[in-house]
Structure formats: structure tokens, C-alpha cells
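The block underneath contains the structure these notes are about, expressed in C-alpha cells.
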Amino acid sequence: MMRQRLANVVSWTAGGRVDALRRPRHPRDSSAPPSDGASGAAQFTAIVNPVSGGASQAATLRAVTRQIRAAGHELCVQLTRGAGDATRLAAAVPDGTRAVLVVGGDGTAREVASALVGRDIPMVIARSGTENLLAKDLEMPTSPADLVEALLHGERCHSDIGRAGERRFFVVAGIGFDAEVVRRLHARRDGHIDHLDYAEPIWRTFWTHRFPHLDVEADGAQVYSGPGFAIVNVVPRYAVGLPIAPRARRDDGLLDLTVFPCSNCLRLLGHAAAVMLGRNGDLNGAIMGQAQRIRISSPQSVPVQLDGDDAGTLPVTLTVEPSRALFLRLPARRGP
Ligand SMILES: [Mg+2]
């Protein structure tokens, strides 16, 4: 339904009036008009996850398209159809593209950013997911006018990228309890996710989870061996803005590791309270530190999540690629 609505309110490619479109066209429709001069490349490309946003997403995209055109530029809009599609669409963005606008949540941003690594094509993120932790940490603007300003005149900034084997993550990796919640959530996902959708998986996991034994190494040194769960942050915050790793910086070339020793629900509640109070590590005995390489293994089958997506089971080795993702954002506002 949302895909249909988006198809009717935005143009797939440059060259037509936004309000002139009456029918959806496949994003890779070969009959779509070329967009930008001799190169055939649009100056800007928008990659849109139509599942992640609500009605405001369509309005934002329509306004951005109109304003980009009014400024004399072209915007090619591409819609994703499922997992992995944003990666494929981003990989196909032609050289010479000035910037890519990602309209989606952290998962879509991760896919696009992964495909653009090593290319001189920066990204702007228009938030339309559940958490949007990466966009928030980058202080991406929200209004259409500011998004256009960032696309046209934004300053470049970089972010580190986490690696888990061949997979990348830009926000957070979770091992154990939270990954089990993610696994349960995605097993029943049907369309856009909001915070309420997490209630049942959290509730069920809370009562059924058996905290596994974890062996955790950071830069070659064993830092924990026992039951619990672990979070590895690129940016400081976690779901619903929880400040799990307040010292984390997305551009310092380090991953922030937090191990939560835990063997029962009562201890889990204690960890949750400490995090919510901004006292993680002080009140709850969480083990916190920074490393470039983190290896976590277990004799049990333990789920792993990357940026809110199911990523299989342990063992996992997490590394960091410093400053490999390129973004555009508005210059920091100065004082009055
Ligand atoms: Mg860091």
C-alpha cells in the first residue's frame, strides 16, 4: 500500500513534473527518461525504503524532489522492494552522482553506506525508520528544506564502520538477549516496525531466555568469560535512545564494547535500570572498554544482530574500518 502511494507522489527519475505522475513505474524501468546531460547520471539519487516510513515520508520526499528541481538539479528516486535491494540500488548509482539521499531507517542507511564504501559519493539520511540512530548521531536535518540544503551545500563528515566478517554495521551489534529479541521480531515482521512491535518479543524473551556463556576477547586479551550478553557500539546510543556507551564516538577508529554479566531476569532489570539512569558500568558491574578487534564465542548457539537485523549466531569477530563512510550534513549552528 505504501509503495503504491509513494509511486504516485514522487517521480522515479528526473525530467518530469512531480505532480504529473499518475501511475507507478518500476524503479529500474528502462523506459524512464535519462536524467542529467550527456552522462545520463542524475546529480542526486534518492534510495527510499517505502516500508519504513509513514505518510510523512511521502510528503518529505515530494517536497525534497520539488525543491531540488526548483534549484535546477535532478533527483532520481529509487524504491527498495526488500532486504538487500538498497545495497544493489546504491551499487548501481553512477559515478559522478553528487550525493545520495537515503530515505529509510538504520537498516536502509546501512545497506546504502555499505555499497558506497570507497566511492566519493556522500550520503544524506532522511529519517523514516523506528530508531534512526545513525541519522541522529550525525545530526541529520529533518525538514525538506534542510535536507536539500545538506544535499547542495552540506559539509563532509565521516563515520567509522563496524565489520562482522563480510557484513558491515554502522550503529550497534548485539550478542545474546537483544539479538534474540530481534530474531523473534523479524520472524513475525510484516511491514513497518514501531516500538510497540518490540513489546511481545521482549516480553517472551524476558521470560524464556537462558543467558549463554560468552567468551569475550578485546584486542587479543580475554575480558570476560561467563554468562551474559554483549553490545558493541559505533555510536553512543541504542534502541529508544538508551545511552549504553556514552563515550562512544563514531569517528575515533574504535568500537565500544559493553559486556553485561547476567544469569537471570533480576540482574537484567538491574542492567536496564543502570543504563536508563545513565550509570551503565557504575551501578551494574558492566564491563566497558574500547577495542579495534573484538571476538565473542560461546559453546552454545547464541544469536547476533547487526543494526537491528538478524545476523546469525556466534562466533563473531568484530573489527572497525575507520572513517570509511562519507556523509553530508549542515554546518553546526553557531551561537546567536
Ligand atoms: Mg568509536
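Tabulated data for the structure shown
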{"quantity": "Failed item, numbered, when MET288 is tested on (1) over 19 Å from ILE202 (Cβ atoms); (2) surrounded by 21 or more Cβ atoms within 10 Å (Cβ to Cβ)", "calculated": "(2)"}
{"quantity": "Any hit, the stretch 201-213, residues being assigned to a strand (DSSP E or B), away from the ligand (no atom under 16 Å from the Cβ) and either assigned by TED's automatic domain parsing to the domain that holds ASP307 or out of contact with any strand residue (DSSP E or B) (no Cβ under 6 Å at 6 or more places or on another chain) (or both)", "calculated": "yes"}
{"quantity": "Criterion: over 19 Å from GLY154 (Cβ atoms) and modelled with pLDDT under 90 - qualifying residue of GLY105, GLY118", "calculated": "GLY105"}
{"quantity": "Within the stretch 254-263, tally of residues that are within 7 Å of the ligand (Cβ to nearest atom) and surrounded by fewer than 21 Cβ atoms within 10 Å (Cβ to Cβ)", "calculated": "1"}
{"quantity": "When residues of the stretch 166-208 are limited to those that are under 14 Å from VAL304 (Cα atoms) and more than 18 Å from the chain's Cα centre (by Cα), the one modelled with the lowest pLDDT", "calculated": "ARG184"}
{"quantity": "Filter pass, ILE161 being under 22 Å from VAL316 (Cα atoms), out of contact with any Gly (no Cβ under 8 Å at 6 or more places or on another chain), outside the structural domain of GLY104 (by TED's automatic domain parsing) and crowded, with 18+ Cβ neighbours inside 10 Å", "calculated": "yes"}
{"quantity": "Long-range neighbours under 9 Å by Cβ, at least six apart or interchain, first residue on the phi > 0 side of the Ramachandran plot within the stretch 230-259, second away from the ligand (no atom under 13 Å from the Cβ) and outside any loop (DSSP other than H, G, I, E, B)", "calculated": "VAL240/HIS195; VAL240/TYR198; GLY241/LEU133; GLY241/LYS136"}
{"quantity": "Cross-chain or 6+ apart pairs with Cβ under 8 Å, the stretch 69-92 first and hydroxyl-bearing (Ser, Thr, Tyr), then in a helix (DSSP H, G or I) and modelled with pLDDT of 95 or more", "calculated": "THR80/ALA86; THR80/LEU89; THR87/VAL112; THR87/ALA115"}
{"quantity": "Any helices (runs of 4 or more DSSP H) falling wholly within the stretch 87-153 and containing at least 1 residues that are over 21 Å from ARG62 (Cα atoms)", "calculated": "106-116, 133-137"}
{"quantity": "Enumeration of residues in the stretch 47-105 that are β-branched (Val, Ile, Thr) and over 22 Å from LEU133 (Cα atoms)", "calculated": "THR65, ILE68, VAL77, VAL93, THR97"}
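The values are calculated or read from the model by the stated rules, or taken from the named source; none is laboratory data. Since the model is a prediction, treat every value here as computed from it, not as a measurement. Heads up, the Cβs are rebuilt from the backbone with ideal geometry, glycines too, and the neighbour counts pull from every protein chain shown.
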